[in-house]
Amino acid sequence: MGIFSRLNRVIKSNLNALIDQAEDPDKMIGQTVTDMKSALKRARKDLIGALGNAKRLEKKQRDLEQEASDWEQKAILALEQDDDDLAREALRRKAHALEEAKQVRARSAAQASAADAMKAQLERVEDKLDDLKARQKTLAAQVRDARAQEPDPELSSGDRLGGGAFADLDRMADQIDQLDAEVEAHEVLDDPKRAEMDERFRALESEEGKDDVDDELAALKAKLGG
């Protein structure tokens, strides 16, 4: 379950309650706005955490790039000591660090993009709630009319309430659910399963990368000798 699932549930459950319960819709819309505002406040806090995670991924990327640079310096040191095997191993580890940095960079970008989209969506929900509050009396009458109609199970909660602001909120809840999945997919810094899979791929790629390492070793030798 994603970090913004609570907001989605609050929106959906309140829309359903407006249809199904016999309480005064005017009062219920006021309570709906209060509940959703509270859920939005929690969602914004969760969003700060998601954005912070993207920043930590950026730092991890920089650390890996620095690690790659350090391995290159170690390869140079090994060559200066005429130890080609040690230099080759250092260059192999440099390549692994650069590949991992590339993967982390992609995850960081995806996390930041999804979090930014979620931030914009939360702002749209907040604007819609302000609209709900401002038009409370009119929308209460719309709810009464909707309750008097024969319910159509094929319609969404928002459409069953007569569309408009309610339908907009319903659609926003669905979009939040989709964005939530994107945020959650990239939020883990060090997923053990991901790490294990990455390691297996690196093992498969190590043979293929041999020529690249040998080419880099030769280029480094030429540079040192030049």
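Computed from the coordinates by the stated procedures, all read-outs in this text should not be read as laboratory data. Worth saying up front: this structure is predicted, and the values here are computed from it rather than measured. Here the Cβ is made from the backbone with ideal geometry for all residues, glycine too, and neighbour counts use every protein chain on show.
Here are the numbers for this structure:
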{"read-out": "Ranking of S5, S13 by count of other Cβ atoms within 10 Å, fewest first", "value": "S13, S5"}
{"read-out": "Computed Kirkwood radius, in angstrom, where 1/r is averaged over Cα pairs of the stretch 1-156", "value": "19.8 Å"}
{"read-out": "Under 27 Å from the Cα of K59 - lysines, other chains or at least 8 residues apart", "value": "K45, K74, K94, K102, K119, K193"}
{"read-out": "Segments 35-44, 87-96 sorted - mean Cβ within 10 Å per residue, highest first", "value": "87-96, 35-44"}
{"read-out": "Ordering of 112-119, 97-104 by packing [mean C-beta count within 10 Å, highest first]", "value": "112-119, 97-104"}
